[in-house]
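The values are calculated or read from the model by the stated rules, or taken from the named source; none is laboratory data. From a predicted model like this one, the values you see are computed outputs, not experimental measurements. Please note: Cβ atoms are built from the backbone with ideal geometry, for glycine as well, and neighbour counts cover all protein chains shown.
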Amino acid sequence: MRRGVTVLVVVVIAGIALAAGIDALRGDDSPRAGSEPEREPPSVSTTGPTNYVPLAGEPAGTLFYTDPSCELQAVELPRQTVAEAPNWDECRFVLSPNGRRVSGAGSGWDLTADPVVGRLFEHEDGLIQVSTDRGPEGEPFRGMAPAWRPDGSLTYFADGAYREWPSGRVLISERRLLAAAMTHINAPADSSFVEDLQVRHGAWLDPDEAVVAIRATVPGGADLDLAGVFRHGRRPAGFSILAPIEELWSSSQGRFWAIAADGLQLFRSTSALPLPALVEPAAVTWSQDGAQMAVATRANVFVFPPGGTLPVRRLPIVARDLAWRGGGQPP
């Protein structure tokens with residue numbers, strides 16, 4: 001489990017390798033070397049007018065990213081002026097809602113929580129722990145694919161169903177998950193042949209609509225990998241994927257979601273959307289209002305309106321991971 005040290009408190013949970021992941025300022029260790037050769041930092045301005053107002057359609061806000069040395073950096077858009085970022089030296093990161101604290105991959109911040117206290121989950125080795133600056137909330141519990149609902153409740157997969165914590169109430173039943181899996185183009189004719197169905201990733205698009213990454217095995221056949229969109233009272237929508245889903249992202253307003261599975265695919269609820277030509281996409285984030293999205297590729301970060309292929313702005317930044325704070329007002 002990655003270290004989870006905050007300015008306020010350090011919480012150690014005995015018996016498991018899981019720590020509360022609120023991390024404000026950290027960085028005494030040497031950064032890990034990236035797989036790509038070192039590059040010079042992007043040429044960005046540190047001076048200039050402070051009253052600059054972006055033109056309509058220009059990206060705005062603060063873009064956080066980890067560089068090839070896995071150190072966390074930040075730039076103000078659209079002028080790419082260097083901004084402050086918390087200390088961090090791991091390639092993957094999860095940024096707090098106010099952009100002042102960081103936690104590791106496998107964690108998630110509750111957007112409804114008091115920003116001073118903070119609240120997040122951490123997930124590793126099949127265990128989930130919810131914590132705040134005041135300490136752990138309850139005991140660690142077994143589960144997969146934790147995700148915050150917009151109302152601040154936590155959901156997760158366990159015992160064949162997608163559930164709500166801490167009650168264990170079923171939100172998406174095993175029957176509905178199986179029904180989605182059976183929409184896969186490689187699904188067998190008989191659902192009894194589908195085994196070991198799991199939810200690997202989850203996100204909520206609104207209080208009633210969830211998207212989950214499902215994987216199931218079929219003895220003697222191909223694995224079933226798909227993204228399923230679930231809403232109460234509606235048949236699940238399944239999107240067949242022919243490769244394992246490695247990552248699932250959703251915009252802060254829940255309008256868009258994307259998956260990494262041998263390439264990048266973008267959706268709005270149950271509709272697939274086009275993307276510009278992108279070489280080796282590695283990370284995705286959206287502006288606060290969802291009007292712009294950023295994708296980190298092998299050598300650049302590209303910014304464009306989701307669902308459109310133009311205009312595309314290229315930022316000369318090599319990034320391992322991305323997060324965006326600000327940039328328009330929520331709708």
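Within region 181-196, the residues that satisfy the criterion of being in contact (Cβ under 8 Å) with a residue 12 or more places away in the chain and in a helix (DSSP H, G or I) are 181, 191, 193.
Taking the stated definitions as given, is residue 122 without any contact (Cβ under 8 Å) to a residue 24 or more places away in the chain and of a type in the set (D, E, K, R)? So residue 122 fails the test. In region 207-228, the residues that are closer than 18 Å to residue 170 by Cβ form Cβ pairs under 6 Å with partners that are of a type outside the set (A, V, I, L, M) and part of a loop (DSSP other than H, G, I, E, B), at six or more places apart or across chains, as follows: 207/150; 207/151; 208/232.
For region 135-164, filtering for residues that are aromatic (Phe, Trp, Tyr) and closer than 14 Å to residue 122 by Cα leaves 3. Of the residues 287, 269, the single one that is within 25 Å of residue 175 (Cα to Cα), among the small types (Gly, Ala, Ser) and touching a residue at least 60 places away in the same chain (Cβ under 8 Å) is 269.
Being surrounded by fewer than 19 Cβ atoms within 10 Å (Cβ to Cβ), outside any loop (DSSP other than H, G, I, E, B) and in contact (Cβ under 8 Å) with a residue 40 or more places away in the chain is a property that does not hold for residue 175. Residues that are assigned to a loop (DSSP other than H, G, I, E, B) and within 12 Å of residue 319 (Cα to Cα) within region 65-84 comprise 67, 68, 69, 70, 71, listed in sequence order. Within region 129-144, residues that are outside the structural domain of residue 213 (by TED's automatic domain parsing) have Cβ atoms under 8 Å from residues that are modelled with pLDDT of 95 or more and loosely packed, with under 15 Cβ neighbours inside 10 Å in these pairs: 130/138; 138/166; 141/166; 142/126; 143/126; 144/126, counting only partners at least 6 apart in sequence or on another chain. Could you say whether any residue in region 87-109 is touching an Asp or Glu at 6+ places or on another chain (Cβ under 8 Å), exposed (fewer than 15 other Cβ atoms within 10 Å of the Cβ) and at pLDDT below 95? No, region 87-109 contains no residue that is touching an Asp or Glu at 6+ places or on another chain (Cβ under 8 Å), exposed (fewer than 15 other Cβ atoms within 10 Å of the Cβ) and at pLDDT below 95.
Restricting 265, 288, 253 to those that are among the polar types (S, T, N, Q) and assigned to a strand (DSSP E or B) reduces the list to 265.
Scanning region 145-177 for residues that are under 21 Å from the mean Cα position of the chain (by Cα) and over 20 Å from residue 206 (Cα atoms) turns up just one, 158.
Per the conditions (1) in a loop (DSSP other than H, G, I, E, B); (2) farther than 23 Å from residue 295 by Cβ; (3) in contact with a His (Cβ under 9 Å, 6 or more places away or on another chain), the sole criterion not satisfied by residue 216 is (1). Just to check your reading of the model, which residue among 159, 151 is more than 22 Å from residue 269 (Cβ to Cβ) and outside the structural domain of residue 245 (by TED's automatic domain parsing)? Being more than 22 Å from residue 269 (Cβ to Cβ) and outside the structural domain of residue 245 (by TED's automatic domain parsing) holds for just one of 159, 151, which is 159. Of the residues making up region 185-207, those that are over 19 Å from the mean Cα position of the chain (by Cα) and not small (Gly, Ala, Ser) are 185, 186, 188, 190, 193, 194, 195, 196, 197.
Table: residues versus (1) among the β-branched types (Val, Ile, Thr); (2) surrounded by 20 or more Cβ atoms within 10 Å (Cβ to Cβ); (3) touching a Phe, Trp or Tyr at 6+ places or on another chain (Cβ under 7 Å); (4) closer than 19 Å to residue 79 by Cα.
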| position | (1), (2), (3), (4) |
| --- | --- |
| 265 | no, no, no, no |
| 272 | no, no, no, no |
| 276 | no, no, yes, no |
| 287 | no, yes, yes, yes |
| 290 | no, yes, yes, no |
| 295 | yes, yes, yes, yes |
| 307 | no, no, no, no |
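Within region 259-300, the only residue that satisfies the criterion of being of a type in the set (Phe, Trp, Tyr) and in contact with a Ser or Thr (Cβ under 6 Å, 6 or more places away or on another chain) is 286. Of the residues examined, residue 182 is not one that is of a type in the set (A, V, I, L, M) and over 25 Å from residue 233 (Cβ atoms).
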